[in-house]
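Here is the structure we will look at.
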Amino acid sequence: MNQTAQHSAPSGLRDRTLAAFTLMASQPALAAITALAALYALLAVVGGILTFSPVPFWDMWDGGLGFYVRQMTDVSQWWAQHNEHRIVLSRILFFLDYRYFDSNGAVLVVINYLLACSTFGLLAWCALQRDAARRRDGRMIAAFILCCALLWTQSNNLTWAFQSQFFLANLLPLLALVLLHASCRTRIRGNAIVFLAALTVAAMAAVSMANGVLAGGVVATACLLGRQSWRRNLLAWALAIAVPALYFHHYTAPAGHGSILESLRTEPLEVIKFFFAYIGSPFAHLDASGSLHLGWAILAGVVLLTAGAILSWRTIFKRHDTVDVDLVVTLFLGYLVASAFATAGSRALFGLDAAVASRYTTPGLLVLGCVLILASRNFFRDRALTMPYQIGLALMALAFLPSQLTATRPQPYLDFEWRFAALALELGVKDEKQIGWIFPDAAWAQKIAEPAANMGLGIFAKPGIYDAKLTLGGSYPTLPLQTCSLAGLESEAVDASTNDWIRLKGGLMNSILPQKISTVLLVDANNTIVGRGLLAEPKQDSPGAPFGAPFKAYLRGRAQPAVYKIVIPGFCTTTVAPKSL
């Protein structure tokens with residue numbers, strides 16, 4: 001019996017492998033899209049590695065690090081607004097990262113990738129729910145949707161540690177609808193539990209992002225259109241009313257954001273253009289040069305919304321005896337479009353470029369996936385996808401290749417610039433230009449960073465930054481014996497009005513240098529530390545050539561010594577006189 005099992009296992013694997021190859025050979029378009037999906041996923045992972053930095057970026061300063069510090073003394077911070085959002089679920093992830101992990105954001109970025117795959121994977125599952133005769137068509141649409149899962153157009157959502165809520169706000173409403181659909185198919189003993197799970201997930205969506213408050217209404221609408229029992233409808237509609245009421249209790253409209261009604265009254269055309277561009281935003285990023293093609297986005301938005309409206313009309317106004325997959329996809333599409341319209345009303349004042357921001361391409365790609373699913377189910381219900389349709393899908397997937405290849409572009413000094421900005425915050429240097437690399441408001445960043453730096457949290461616990469401020473004025477008695485070569489030293493007063501600090505920038509060369517971003521010390525003639533900086537990761541032009549790397553450092557302006565040394569601890573030293581500046 002054991003021998004039979006041993007022989008049957010390899011045989012079964014061979015049979016499945018052969019069946020997969022046979023399927024791909026019979027459907028070259030499916031094979032091409034599947035190959036592109038695998039390639040795009042690989043490129044996205046490479047891009048995530050190349051762009052990773054442990055330095056918080058943009059919203060992660062106040063929304064992540066700032067939140068973690070504030071919640072230590074104020075539990076209400078868990079429910080407090082972040083702009084118009086109550087990002088409780090993401091805050092749980094931030095808390096876990098700072099409390100139990102390395103607090104460098106790597107875990108959060110991995111979670112972003114997993115959430116992206118889960119969201120698009122669940123929509124792909126919807127595409128696969130076809131009868132046996134049309135299952136191949138479902139595979140084609142599902143493969144295309146998976147091809148979109150890790151598209152680099154949405155790189156901000158993938159690589160910014162803060163962005164988990166953007167995926168959660170799309171995943172949870174879809175999951176709630178799928179659970180509702182499953183509850184209609186489950187046996188009597190289990191369907192009530194699955195239905196309650198659907199309601200729970202819909203309620204959780206409200207604490208992902210503000211548009212998540214719509215999830216309860218979407219599930220309630222599905223119960224109504226899907227002819228669910230009066231008990232289910234009562235519970236679903238109670239949730240749809242209670243969740244927004246709780247969400248908007250003591251809600252404060254964020255300053256600097258537009259009102260939907262006011263925007264429609266004063267600038268209706270701008271709102272409409274923003275709306276179309278938002279829906280079609282992925283198509284603004286097809287050019288590998290990085291140029292944004294707003295016209296392409298608007299045209300794509302018009303086409304997708306028109307097609308989506310026609311297909312949704314056909315789905316909603318046909319009789320449903322249950323919450324079927326057609327209804328799930330249609331209502332999820334409605335959720336995405338309603339969210340897009342709300343965003344257009346509140347963000348149109350920021351200009352049309354904001355509509356095609358990288359983070360907005362995620363819902364745009366999901367809209368595209370929904371339209372493709374509904375099109376295949378409406379126009380190809382009784383016949384296979386035509387060859388032009390299949391080729392069109394493959395070409396559309398291929399069109400994103402130039403953009404996807406940009407994920408592999410090296411950014412060798414991005415992490416260095418971000419770390420040096422964090423060093424400025426650690427030292428208390430009001431360097432708006434440098435801090436602008438990681439946060440738009442230097443004064444606000446300093447306010448957030450000060451308590452975190454004092455506690456040694458996150459980036460402020462990393463070598464080269466940890467307690468850098470406390471080392472100023474200390475002694476560094478033992479200097480390295482080797483002498484570095486100095487190239488192209490420049491200086492700039494960071495705050496000309498006070499002349500507190502001078503930012504130095506230059507290059508250092510030596511036969512050996514640290515193999516990663518490392519500390520730079522500025523030491524006066526008495527071996528007193530008068531400045532701190534960072535050396536970038538060194539490079540070597542050819543074997544045997546010296547290593548070289550740029551560096552940046554801050555020197556106290558008011559106490560500028562007559563002569564000082566630039567020291568790479570444990571490696572080399574070079575002396576600088578005032579004339580060098």
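Out of residues 5 or more away from residue 501 or on other chains, whose amide H comes under 5 Å of its own, with H placed 1.01 Å from N in the peptide plane?
494, 495, 557
For segment 102-119, take each phi angle, set θ = phi - 60°, evaluate the Karplus expression 6.51 cos²θ - 1.76 cosθ + 1.60, and give the result in whole Hz per residue in order, putting x for glycine and proline.
Once θ is set to phi - 60°, the couplings for segment 102-119 become 7, 6, 9, x, 4, 4, 5, 5, 4, 4, 4, 4, 5, 5, 4, 5, 5, 5 Hz.
Of the listed values [x] 17, 41, 25, 12, 4, 1, 0; [y] 20, 41, 21, 13, 4, 0; [z] 18, 44, 28, 9, 0, identify the label whose number matches P(r) over Cα pairs in 20 Å bins from 0, in percent calculated from this model.
Working out P(r) over Cα pairs in 20 Å bins from 0, in percent from the coordinates points to [z].
Starting at the first residue of segment 161-168, write each ³J(HN,Hα) from the Karplus equation 6.51 cos²θ - 1.76 cosθ + 1.60 with θ = phi - 60°, in whole Hz, x for Gly and Pro.
Rounded to whole hertz, the list is 4, 7, 8, 4, 5, 5, 6, 4.
Applying a 10 Å radius around every beta-carbon, put 274-286, 61-73 in order of their mean neighbour count, most first. Don't skip to the end; give the middle numbers.
Numbers: 274-286: 27.2, 61-73: 20.0.
With the highest mean Cβ count within 10 Å placed first, the list reads 274-286, 61-73.
What do you get for the angle between helix 88-100 and the principal long axis of the chain? Use alpha-carbon atoms, 0 to 90 degrees, nearest ten.
The angle comes out near 40 degrees.
Go through the cysteines of the chain and tell me which have no other cysteine Cβ under 4.7 Å away.
If one checks each Cβ against the other cysteines of the chain, 117, 126, 147, 148, 184, 223, 370 turn up with nothing under 4.7 Å.
Under unit Cβ charges (Lys, Arg +1; Asp, Glu -1), what dipole magnitude, rounded to 20 debye, does segment 73-175 have relative to its Cα centre?
Details: 8 positive and 6 negative charges, 98 e Å.
My answer is approximately 480 debye.
Just need the relative contact order of the chain here, percent rounded to a whole number, with Cα pairs under 8 Å and 6+ apart. Don't jump to the answer; show the numbers that get you there.
Numbers: 998 pairs, mean separation 81.1, N = 581.
Once divided by the residue count of the chain, the mean separation gives 14 percent.
Of 330, 493, 54, which is farthest along the charge dipole of the chain in the positive direction, counting Lys and Arg as +1 and Asp and Glu as -1 at C-beta?
Sorting the options by dipole projection puts first 330.
Nothing charged except the Cβ atoms of Lys and Arg (+1) and of Asp and Glu (-1): what's the magnitude of the dipole of segment 472-581 about its Cα centre? Round to the nearest 20 debye.
Numbers: 10 positive and 7 negative charges, 16 e Å.
The calculation lands at about 80 debye.
Sorted by packing (mean other beta-carbon atoms within 10 Å per residue), highest first, where do 430-441, 542-553 land? Spell out each step's value before the answer.
Values: 430-441: 17.9, 542-553: 15.9.
The peptides rank, most packed first, as 430-441, 542-553.
Helix 2-26 versus the longest principal axis of the chain: what angle, 0 to 90°, nearest 10, using Cα atoms?
For helix 2-26, the angle is close to 90 degrees.
Which Cα, out of 310, 549, 576, lies furthest along the positive dipole direction of the chain (beta carbon charges, K/R +1, D/E -1)?
310
Can you tell me the order of 514-523, 204-213 when each peptide is scored by its average per-residue count of other Cβ atoms within 10 angstrom, highest first?
Working: 514-523: 19.1, 204-213: 24.7.
In descending order of packing, they fall as 204-213, 514-523.
7 Å from Cα along Cα→Cβ at both residue 380 and residue 246: what's the point-to-point distance in nm?
Roughly 4.3 nm, to one decimal.
Rounded to the nearest 500, what is the chain's calculated 222 nm mean residue ellipticity when only DSSP H runs of at least 4 contribute -39500 (n - 2.57) each, over all residues?
Details: 22 runs with 316 residues, N = 581.
That calculation yields -17500 deg cm²/dmol at 222 nm.
For segment 363-373, just list the computed ³J(HN,Hα) in residue order, Karplus coefficients 6.51, -1.76 and 1.60, θ = phi - 60°, integers in Hz, with x standing in for Gly and Pro.
My calculation for segment 363-373 gives x, x, 5, 5, 4, 4, x, 4, 4, 5, 4 Hz in order.
Given H placed 1.01 Å from N in the peptide plane, which residues other than close sequence neighbours of residue 565 have an amide H under 5 Å from its amide H?
523, 524, 576
No lab work stands behind these numbers, since they all come straight from the coordinates. Computed from a prediction, not measured in an experiment: that's the story for all the values here. Note that we place each Cβ from the backbone using ideal geometry, even for glycine, and neighbour counts take in every protein chain shown.
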